[in-house]
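One structure is given below, encoded as structure tokens.
The values are calculated or read from the model by the stated rules, or taken from the named source; none is laboratory data. Given the structure is predicted, the values throughout are model-derived calculations rather than measurements. We place every Cβ from the backbone using ideal geometry, glycine too, and count neighbours over all the protein chains shown.
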Amino acid sequence: MHSGNPCRFPAICNFGDSNSDTGGISATFYPIRLPYGQTYFGKAVGRASDGRLMINFFAEHLGLRHLSAYLNSVGANYHHGASFATGSATIRMPNVTFMEHGRSPFNLQIQVVQFNQFKERVLDPDTGSSARLPKLETFREGLYTIDIGQNDLADLLNNMNFAMEYKKAIPAIQTMTGQVAYQIEILHFQVGRAFWVHNTGPIGSLPYTLTWVSNPPPHGYLDEHGCIKEQNELAKEFNRQLKDEIMPPRQKLANATNTYVDVCAAKYGLISDAKNQGFGPPAEICRGYFKDYVRITCSNSRRVNGTEIYVRPCANPSSVISWDVSTTQKLQITG
């Protein structure tokens, strides 16, 4: 996996969506503002959370600086790697625009293309040496992290009648997970040897998805923890296929080590034991109002049933699991 201590990596190259975006989508489109970042950074730093993300804790554990986003042109330091992740990114190529539907144009394939370009330019003799850029051995010995798929499942769910079309979703999921495995092959061909892959979380447990559940919900629609059973079953199917695709590494991935991380089980475990873990009700959300078919984002207002509702961020994010669609820093630490 790595010469010497297997947990000592000189760099991280990260690919994914808002779960690990350290500023890419914020640098590309509209900048993320406070209250994002309020808990740890005291200012907005491009992350879709009140504080740090899991990728930040990885870097800290390895003794590395927090990763700069590849798309961020000011103050970036890539000596210890880079994050190619962007919020709202998908595995599959998006067929809608960011402005219309909020999907990042930088899907997983494009992120890997950006990595290849980054590596080529860094190693080009004309680039010259810099303390802010990695060396060839840094690429060889780095950790390659991937956390993506939730937005693909969300798009799939938005375009299907679950009861009628579940079987039709299986081939689409196979395409997604096969693409993840294929992009790992490309990274391995380029230089990567150590891959750390997160599965997708329990999408049916997100307060955002619960907005459209009728009150009272149909019999048997929710599980004992208030999560949408069928949506979580789809996430489990995605995760099963993802694990089958990447574990163990294919024969063509010589000297590669793939680590599959069951994020879904960890998050669902926290949600089902929220009170004992120091959280409030799992359906609560810190930055937004998502109830009874109504969605109001932070710092906006709307009249609901004759009452004007103005949404402010919650007073104590550390007691809440969900920040908005993403999770709070406290959940990242606890998980």
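Considering only the stretch 6-28, I want to know if a residue exists there that is in a loop (DSSP other than H, G, I, E, B), in the same structural domain as F195 (by the TED database) and without any contact (Cβ under 8 Å) to a residue 12 or more places away in the chain. No, the stretch 6-28 contains no residue that is in a loop (DSSP other than H, G, I, E, B), in the same structural domain as F195 (by the TED database) and without any contact (Cβ under 8 Å) to a residue 12 or more places away in the chain. Output the number of the condition that P313 fails; it satisfies all remaining conditions of (1) free of Cβ contacts under 8 Å to residues at least 60 places away in the same chain; (2) more than 19 Å from N232 (Cα to Cα). Against the list (1) free of Cβ contacts under 8 Å to residues at least 60 places away in the same chain; (2) more than 19 Å from N232 (Cα to Cα), P313 comes up short only on (1). Looking across Y40, Y36, one residue alone is buried (at least 20 other Cβ atoms within 10 Å of the Cβ), assigned by the TED database to the domain that holds G16 and in contact with a Lys or Arg (Cβ under 7 Å, 6 or more places away or on another chain). It is Y36. Checking the stretch 74-90 against the condition returns a match, with at least one residue being closer than 30 Å to I285 by Cβ, in contact with a Lys or Arg (Cβ under 6 Å, 6 or more places away or on another chain) and touching a residue at least 12 places away in the same chain (Cβ under 8 Å). Scanning the stretch 32-75 for residues that are among the small types (G, A, S) and not in a loop (DSSP other than H, G, I, E, B) gives A59, A69.
On inspection, D152 qualifies as surrounded by 17 or more Cβ atoms within 10 Å (Cβ to Cβ), in a helix (DSSP H, G or I) and either among the acidic types (D, E) or at pLDDT below 95 (or both). For the stretch 104-135, a residue qualifies if it is of a type in the set (D, E, K, R) and in contact with a helix residue (DSSP H, G or I) (Cβ under 7 Å, 6 or more places away or on another chain), and the qualifying residues are K119, R121. When the stretch 186-240 is filtered for residues that are part of a loop (DSSP other than H, G, I, E, B), polar (S, T, N, Q) and under 25 Å from G288 (Cβ atoms), the ones remaining, listed by number, are T200, T211, S214, N215.
Quick check on the stretch 136-146: of everything there that is in contact with a helix residue (DSSP H, G or I) (Cβ under 7 Å, 6 or more places away or on another chain) and not in a helix (DSSP H, G or I), which residue is surrounded by the fewest Cβ atoms within 10 Å (Cβ to Cβ)? If we take residues in the stretch 136-146 being in contact with a helix residue (DSSP H, G or I) (Cβ under 7 Å, 6 or more places away or on another chain) and not in a helix (DSSP H, G or I), then T145 is surrounded by the fewest Cβ atoms within 10 Å (Cβ to Cβ). Scanning the stretch 83-102 turns up at least one residue that is under 19 Å from the mean Cα position of the chain (by Cα) and assigned to a helix (DSSP H, G or I). If you go through the stretch 32-58 and keep only what is of a type in the set (A, V, I, L, M, F, W, C), at pLDDT 95 or above and under 15 Å from the mean Cα position of the chain (by Cα), you end up with L53, M54, I55, F57, F58.
Is it true that some residue in the stretch 63-72 is of a type in the set (S, T, N, Q) and farther than 24 Å from G178 by Cα? Yes - at least one qualifying residue is present in the stretch 63-72. Restricted to the stretch 103-116, and to residues there that are polar (S, T, N, Q) and either in a helix (DSSP H, G or I) or not assigned by the TED database to the domain that holds D17 (or both), the residue that is farthest from A11 (Cα to Cα) is Q109.
Would you be able to say whether some residue in the stretch 158-165 is surrounded by 11 or more Cβ atoms within 10 Å (Cβ to Cβ), over 17 Å from S18 (Cβ atoms) and at pLDDT 90 or above? So far as the stretch 158-165 goes, no, none of its residues is surrounded by 11 or more Cβ atoms within 10 Å (Cβ to Cβ), over 17 Å from S18 (Cβ atoms) and at pLDDT 90 or above.
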